[in-house]
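What follows is a set of notes on a single structure, which appears directly below.
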Amino acid sequence: MKTHTLETAGANLVYDVRGPLPAGDGRPPLMMIGQPMDASGFATLATRFPERTVVTYDPRGLGRSVRRDGRTDHAPRTQADDVHAVIEALGAGPVEMFASSGGAVTALAVVEKYPSDVTTLVAHEPPLITLTPDGPAAVRARARVREAYEERGWGAGMAAFVAMTSWVGEFTDAYFAQPAADPAAFGMPTEDDGSRDDPLLSDRSWAVSGYRPDADAITAAPTRVVIAVGEESENLLTARTSAAAAELLGQKAVVFPSHHGGFCGGEFGYPGKPDEFALRLRQVLDGDA
């Protein structure tokens with residue numbers, strides 16, 4: 001693996017390349033992106049594609065990538081510019097892309113703005129909460145996470161986030177009538193660590209979850225776009241956002257093994273099924289699903 005730093009007008013972007021460029025198998029490079037997950041989140045999945053040249057990167061302001069634009073928000077179109085810059089720096093584009101969570105939102109923005117950059121995009125569980133039928137309630141639930149974080153710190157904010165993302169179905173009055181989630185019940189710290197800049201719990205990623213993809217631009221692009229959803233996410237928020245994104249693009253979401261982080265091993269404490277996930281991803285990229 002070789003690590004590179006690309007200096008742009010607003011950030012120093014760090015990216016990793018596993019394998020030769022141009023790719024030795026004649027296939028495009030396979031780029032894997034996330035948000036707020038950085039390149040480290042794809043280490044397990046990348047090893048399941050030993051024959052491919054795999055590219056991962058840290059979004060600006062996350063992991064090893066330093067932003068110099070004076071901003072703290074994670075805007076999909078800005079990140080799309082960064083991904084485009086990395087693809088151009090590879091000199092071996094266009095790429096195939098697997099993008100998860102906020103990275104899937106960025107990837108949709110890439111297809112909108114740079115339609116020649118990606119041949120096939122597998123967008124795994126994009127958290128586009130405003131596309132769901134109960135979008136206003138989902139926005140309200142998102143605000144409760146930030147409020148818990150602002151008032152009581154990381155543990156309380158993360159407990160509220162877990163409560164939101166594990167709620168089954170639409171956000172009803174019963175959801176909002178619940179008492180505040182107890183961080184101790186989830187094995188999280190109850191003391192306030194003083195942080196207020198977590199990209200997941202603050203409002204820094206609201207531009208991601210509030211993004212409205214340009215369906216006309218995406219469907220007009222030459223890119224083959226597949227919306228993916230985890231089988232264990234059924235009726236949870238990210239499954240509902242995936243279904244809504246697929247419907248927006250006139251398709252149905254393709255089911256993948258495991259959960260929202262189903263491509264990860266045990267390195268983050270919530271192991272998925274990386275072998276099964278990689279097999280499914282390989283099938284989809286090859287056009288067999």
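A few notes on this one:
- The single residue among Ala123, Ala99 that is in contact (Cβ under 8 Å) with a residue 60 or more places away in the chain, crowded, with 18+ Cβ neighbours inside 10 Å, among the hydrophobic types (A, V, I, L, M, F, W, C) and in contact with a Pro (Cβ under 9 Å, 6 or more places away or on another chain) turns out to be Ala99.
- With respect to the conditions (1) out of contact with any Gly (no Cβ under 8 Å at 6 or more places or on another chain); (2) open to solvent by less than 20 Å² (accessible area, probe 1.4 Å); (3) farther than 17 Å from Met164 by Cα, Arg204 lacks only one, and its number is (2).
For (1) of a type in the set (A, V, I, L, M); (2) within 17 Å of Pro127 (Cβ to Cβ); (3) assigned to a loop (DSSP other than H, G, I, E, B), each residue gets a yes or a no:
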{"site": "Arg196", "(1), (2), (3)": "no, no, yes"}
{"site": "Asp203", "(1), (2), (3)": "no, yes, yes"}
{"site": "Ala207", "(1), (2), (3)": "yes, yes, no"}
{"site": "Asp216", "(1), (2), (3)": "no, no, no"}
{"site": "Ala243", "(1), (2), (3)": "yes, yes, no"}
{"site": "Gly250", "(1), (2), (3)": "no, no, yes"}
{"site": "Gly265", "(1), (2), (3)": "no, no, yes"}
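- Residue count for region 41-77 satisfying the condition of being touching a strand residue (DSSP E or B) at 6+ places or on another chain (Cβ under 9 Å), touching a residue at least 40 places away in the same chain (Cβ under 8 Å) and either under 17 Å from Gly10 (Cβ atoms) or of a type in the set (Gly, Ala, Ser) (or both): 14.
- Filtering region 267-289 to residues that are assigned to a loop (DSSP other than H, G, I, E, B), buried (at least 19 other Cβ atoms within 10 Å of the Cβ) and under 17 Å from the mean Cα position of the chain (by Cα) leaves only Gly272.
- Leu237 vs. criteria modelled with pLDDT of 95 or more, surrounded by fewer than 19 Cβ atoms within 10 Å (Cβ to Cβ), in contact with a helix residue (DSSP H, G or I) (Cβ under 6 Å, 6 or more places away or on another chain) and more than 15 Å from Val122 (Cβ to Cβ): no
One line per residue, one yes/no per condition, for (1) farther than 24 Å from Gly261 by Cα; (2) of a type outside the set (A, V, I, L, M, F, W, C); (3) open to solvent by 30 Å² or more (accessible area, probe 1.4 Å):
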position	(1), (2), (3)
Thr5	yes, yes, yes
Thr8	yes, yes, yes
Leu13	no, no, no
Val17	no, no, no
Pro28	yes, yes, yes
Met37	no, no, yes
Tyr57	no, yes, no
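Results for (1) at pLDDT 95 or above; (2) surrounded by 14 or more Cβ atoms within 10 Å (Cβ to Cβ); (3) aromatic (Phe, Trp, Tyr), shown as yes or no for each residue.
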{"site": "Ala141", "(1), (2), (3)": "yes, yes, no"}
{"site": "Val145", "(1), (2), (3)": "yes, yes, no"}
{"site": "Tyr149", "(1), (2), (3)": "yes, yes, yes"}
{"site": "Ala159", "(1), (2), (3)": "yes, yes, no"}
{"site": "Thr165", "(1), (2), (3)": "yes, yes, no"}
{"site": "Gly169", "(1), (2), (3)": "yes, no, no"}
{"site": "Ser195", "(1), (2), (3)": "no, no, no"}
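- Identity of the residue in region 59-76, crowded, with 23+ Cβ neighbours inside 10 Å and not basic (Lys, Arg), that ends up farthest from Glu96 (Cα to Cα): His74
The values are calculated or read from the model by the stated rules, or taken from the named source; none is laboratory data. The model shown is predicted, which means the values in this text are computed figures rather than measured ones. Positions of Cβ are generated from backbone atoms using ideal geometry, with glycine treated the same way; all protein chains shown enter the neighbour counts. Surface areas here come from the heavy atoms of the whole protein model, side chains and all, with no ligands, DNA or RNA. Shrake-Rupley method; radii C 1.70, N 1.55, O 1.52, S 1.80 Å.
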